[in-house]
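The values are calculated or read from the model by the stated rules, or taken from the named source; none is laboratory data. Predicted model only: the values in this text are computed from it and were never measured. Cβ coordinates were reconstructed from backbone atoms using ideal geometry, including for glycine residues, and neighbour counts include every protein chain displayed.
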Amino acid sequence: MPQYWMITTSPKNFQVSKSKEFTVEGFKERNRKQVQKVMPRDKFVYYISGKQKFGAISEATSGFFFDEKTRIWTEEDEIWPCRFRVKPIVVLPDDELLDVKKLVPLLSFITERQKKVKWGLAFHQSLRVIPEEDFELIESEMKKILSKSFGPSEKGLLTEKQAREAIITLPLENKSLHDRLGEMLETIGSWMGYNVDTRHKITPDHHQELDVVWLRGKNPEMAIEIQISGSLIEAIDRLVQSRDFNYRKVIMVIAEDQLSDLNARLKFDPFKNWLDAWSIQAVYSLYTNGRSFFELYEKLQESRYRERKEVELVK
């Protein structure tokens with residue numbers, strides 16, 4: 001079972017971690033024993049001292065290692081050598097950080113005495129374990145902020161520009177919009193139980209690759225081309241060949257300004273009867289809504305005994 005932690009950091013060092021895309025965390029030598037307890041899959045919430053706000057969540061991808069040569073953070077007299085690698089899970093916009101004061105009455109790691117006298121005392125440690133239920137509460141509130149930040153527009157739908165901006169802020173491994181869309185579609189397929197791959201050859205001995213594929217075992221199921229740049233004709237050709245090699249469904253993710261060109265090229269082509277065109281907004285909505293659904297679905301399937309003070313409401 002993973003452990004849940006809270007990292008207390010300064011505003012400057014939080015920005016440093018953010019600029020490094022939350023790939024590594026470091027602590028002073030005096031924190032060595034605590035850092036050595038960190039294991040892969042442990043999760044961390046970042047408390048920003050001074051601002052009194054939560055700003056991000058990450059997950060450990062390694063255990064402890066010692067690095068006294070590479071300077072990352074801002075203190076000139078301290079290199080923070082006790083480290084572990086992480087990946088980002090939730091990162092809030094700088095102007096949408098979660099106010100801790102709203103959660104103080106609900107957080108169990110803050111003692112009743114601290115709540116009455118000075119709750120900030122509970123946040124003085126650089127790294128400390130917190131209860132799972134506290135972590136889940138903080139994570140839930142942070143995700144609510146994200147959903148509001150990139151929620152529906154006044155007309156009820158996300159614009160393509162809004163979707164592009166929202167996708168770039170998601171905690172994904174890839175940099176470009178094209179590759180982020182591929183990563184999202186790969187993740188969605190894995191949630192649904194498919195074997196998934198990116199840059200996958202249409203057949204093992206074929207010379208052309210598809211952006212994303214979903215397979216049932218080894219059997220072709222879904223072929224997806226992400227056409228937001230590059231040659232539209234070549235993307236169409238790859239999907240046509242996918243249908244010829246028994247992919248059940250073919251999808252092109254396309255920018256809105258390319259749709260008329262796509263329709264013009266397929267006007268007299270029966271292939272249009274097989275092809276689905278998906279917007280960037282649709283992929284973003286499927287990914288964000290699917291993540292919420294499958295997180296709740298995992299809780300629905302979960303069956304284990306857990307000590308708790310009282311029954312909690314799943315939200």
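What is the residue count in segment 163-176 for residues that are surrounded by fewer than 18 Cβ atoms within 10 Å (Cβ to Cβ) and assigned to a helix (DSSP H, G or I)? Step through it out loud before you land on a result.
At the first step, the residues of segment 163-176 found to be surrounded by fewer than 18 Cβ atoms within 10 Å (Cβ to Cβ) are 165, 168-169, 171, 173-176.
Applying the additional criterion that residues be assigned to a helix (DSSP H, G or I) yields 165, 168-169.
Counting residues in segment 163-176 that are surrounded by fewer than 18 Cβ atoms within 10 Å (Cβ to Cβ) and assigned to a helix (DSSP H, G or I) gives 3.
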Inset, instruction - Would you check if there is a residue in segment 4-21 being within 21 Å of Ile138 (Cβ to Cβ), surrounded by 14 or more Cβ atoms within 10 Å (Cβ to Cβ), modelled with pLDDT under 90 and in contact with a Pro (Cβ under 7 Å, 6 or more places away or on another chain)? - result: yes
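Test of understanding: among Glu256, Glu234, which residue is in contact (Cβ under 8 Å) with a residue 40 or more places away in the chain and of a type in the set (Asp, Glu)? Quick ask: steps written out before the conclusion?
Working: Glu234 fails: in contact (Cβ under 8 Å) with a residue 40 or more places away in the chain.
Step by step, each of Glu256, Glu234 is checked, and only Glu256 is in contact (Cβ under 8 Å) with a residue 40 or more places away in the chain and of a type in the set (Asp, Glu).
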Legend entry - Criterion (on the phi < 0 side of the Ramachandran plot, touching a Ser or Thr at 6+ places or on another chain (Cβ under 8 Å) and not in a strand (DSSP E or B)) met by exactly one of Ile79, Ile7: Ile79
Inset, instruction - Take the residues in segment 178-230 that are among the aromatic types (Phe, Trp, Tyr) and in contact with a strand residue (DSSP E or B) (Cβ under 8 Å, 6 or more places away or on another chain), then tell me which one is nearest to Asp261 (Cα to Cα). - result: Trp214
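Quick check: is even one residue across segment 52-65 over 26 Å from the mean Cα position of the chain (by Cα) and over 24 Å from Leu146 (Cβ atoms)?
Restricting attention to segment 52-65, the residues satisfying the condition of being over 26 Å from the mean Cα position of the chain (by Cα) are none.
Taking every residue of segment 52-65 in turn, none turns out to be over 26 Å from the mean Cα position of the chain (by Cα) and over 24 Å from Leu146 (Cβ atoms).
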Inset, instruction - Please give the number of the condition Leu300 fails out of (1) in the same structural domain as Leu232 (by TED's automatic domain parsing); (2) part of a helix (DSSP H, G or I). - result: (1)
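Within segment 209-239, which residues are in a helix (DSSP H, G or I), out of contact with any Lys or Arg (no Cβ under 9 Å at 6 or more places or on another chain) and crowded, with 17+ Cβ neighbours inside 10 Å? Walk me through how you get there before you give the answer.
Initial filter on segment 209-239 (in a helix (DSSP H, G or I)): 232-239.
Those still in the list that are out of contact with any Lys or Arg (no Cβ under 9 Å at 6 or more places or on another chain) too: 234-235, 237-239.
Matches in segment 209-239: Ala235, Arg238, Leu239.
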Inset, instruction - Can you tell me which residue within segment 82-111, out of those that are under 19 Å from Trp5 (Cβ atoms) and in a helix (DSSP H, G or I), is nearest to the chain's Cα centre (by Cα)? - result: Val100
Legend entry - Meets criteria (within 25 Å of Lys101 (Cβ to Cβ) and either in contact (Cβ under 8 Å) with a residue 40 or more places away in the chain or not assigned by TED's automatic domain parsing to the domain that holds Ser108 (or both)) for Ile72: no
Legend entry - Close pairs from segment 277-295: first under 17 Å from Glu186 (Cβ atoms), partner in a helix (DSSP H, G or I) and among the charged types (D, E, K, R), Cβ under 6 Å, at least 6 apart: Ile280/Glu160
Legend entry - Residue that is nearest to Ala163 (Cα to Cα), among those in segment 255-297 that are small (Gly, Ala, Ser) and part of a loop (DSSP other than H, G, I, E, B): Ser279
Inset, instruction - May I ask you to verify whether Glu133 is closer than 25 Å to Glu295 by Cβ, loosely packed, with under 15 Cβ neighbours inside 10 Å and in the same structural domain as Glu29 (by TED's automatic domain parsing)? - result: no
Inset, instruction - Quick one: count up the residues across segment 64-81 that are modelled with pLDDT of 90 or more, surrounded by fewer than 16 Cβ atoms within 10 Å (Cβ to Cβ) and in contact with a helix residue (DSSP H, G or I) (Cβ under 9 Å, 6 or more places away or on another chain). - result: 1
Inset, instruction - Considering only segment 197-208, state which residues are surrounded by 14 or more Cβ atoms within 10 Å (Cβ to Cβ) and part of a strand (DSSP E or B). - result: Asp197, Thr198, His200
